[in-house]
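Okay, structure first, notes after.
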Amino acid sequence: MRIIGGKYRSRRLVTLEGLNTRPTLDSTKEAIFNSLGNYLPGFVVLDVFGGSGALTLESVSRGAKKAYIIDNSIDAIKIIKTNIKNLKAEEYVTVLQGSYEQILKKLTNIKFDLVFLDPPFRMKVIDELITFLIDNDMISDGGYIMAEYPKEDVVNKEYDGYRVKLCRYYSSSEVLILEKE
């Protein structure tokens, strides 16, 4: 896996061995960032299920000024920290180890310009997480929520004050991007 755009373009990332994480395909990642406008100057980003940190590091590569990555897995946290160190991106990224439920409650005072929700496919938490983010007013005006989930999952796409910027199938997943109006 690699960074596909921005200042870290073409840099390789380390990923976890096995099936515990499912990295976002490069083609899907490219479609996501093309939809968001390619560059994210000054964005504050949250990645709720960090995995390897690829989505967050892609955001930093494209100009995000601050990013938070949550993951419950100690092995994933090690990989994320390795990738951050290899890119020399420590000043931009805060890594938070623990359950997403506990950590999100601690972050409700921060407004995010972009939130990534890409949980393990066995978890059916997209609607719950989007509702939490909206109810706690965690998305800045004009900000985005990006969710990736199995294409057979039924996910709510209508939220007051949000419009669907992208909803498309890629391989075995569906990508939904909501934009706060």
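The values are calculated or read from the model by the stated rules, or taken from the named source; none is laboratory data. Quantities reported herein were computed from a predicted structural model and do not represent experimental measurements. Using ideal geometry, Cβ is built from the backbone for each residue, glycine included, and neighbour counts are taken over all protein chains shown. In case anyone asks, the SASA skips ligands and DNA or RNA and just uses the protein heavy atoms, side chains included. Shrake-Rupley method; radii C 1.70, N 1.55, O 1.52, S 1.80 Å.
For the chain, complete DSSP H runs whose alpha carbons reach 18 Å or more along their own long axis and whose mean Kyte-Doolittle score is -0.5 or higher are 74-87. Of the chymotrypsin sites (Phe, Trp or Tyr not before Pro) found in the range 100-154, those in coil by DSSP whose Cβ has at most 15 other Cβ atoms within 10 Å are Phe121. Among Val48, Val154, Val115, the largest mean-square fluctuation in a Gaussian network model of the chain, built with springs joining Cα atoms closer than 10 Å, belongs to Val154. For the range 73-181, with all protein chains in place and a probe radius of 1.4 Å, 47% of the accessible heavy-atom surface sits on carbon or sulfur.
The GluC sites (Glu not before Pro) of the range 1-69 that meet both conditions, a loop assignment by DSSP and at most 14 other Cβ atoms within 10 Å of the site Cβ, are Glu17. Just round it to a whole percent: the fraction of Cα-Cα distances in the range 84-154 exceeding 18 Å. That fraction is 48 percent.
Considering only DSSP states other than H, G, I, E and B, which trypsin sites (Lys or Arg not before Pro) in the range 1-96 qualify as loop sites with at most 12 other Cβ atoms within 10 Å? Loop-located and lightly packed - Lys7, Arg9, Lys88. With all protein chains kept in place, the per residue accessible area of the range 1-160 amounts to 48 square angstrom at a probe of 1.4 angstrom.
Once the chain from Lys85 to Val14 is taken as fully extended at 0.36 nm per residue, the excess over their C-alpha distance is 24.4 nm.
Amide H contacts for Tyr162 (H built 1.01 Å from N in the peptide plane; partners 5 or more residues away or on another chain; cut-off under 5 Å): Glu181. Measuring max minus min along each principal axis, the C-alpha atoms of the range 1-116 give extents of 34, 32, 25 Å (largest first). Of the residues Tyr170, Gly6, Gly142, the one whose Cα sits farthest toward the positive end of the charge dipole of the chain, with +1 on the Cβ of Lys and Arg and -1 on the Cβ of Asp and Glu, is Gly6.
By the Cα gyration tensor, the range 62-181 has an equivalent ellipsoid whose semi-axes, rounded to whole angstrom, run 24, 18, 15 from largest to smallest. Considering only the other residues whose Cβ falls under 13 Å of the Cβ of Asp137, what net charge follows from Lys and Arg at +1 and Asp and Glu at -1? Once positives and negatives cancel, what remains is -1. Listed cross-link partners Lys29/Lys157; Lys29/Lys81; Lys65/Lys180; Lys85/Lys157; Lys88/Lys124 are compared with a 26 Å cut-off, the Cα-Cα value being larger for Lys85/Lys157; Lys88/Lys124. What the Cβ-Cβ distance of Ser27 and Asp127 gives, at R0 = 22 Å and to the nearest 0.05, is a FRET efficiency of 0.25.
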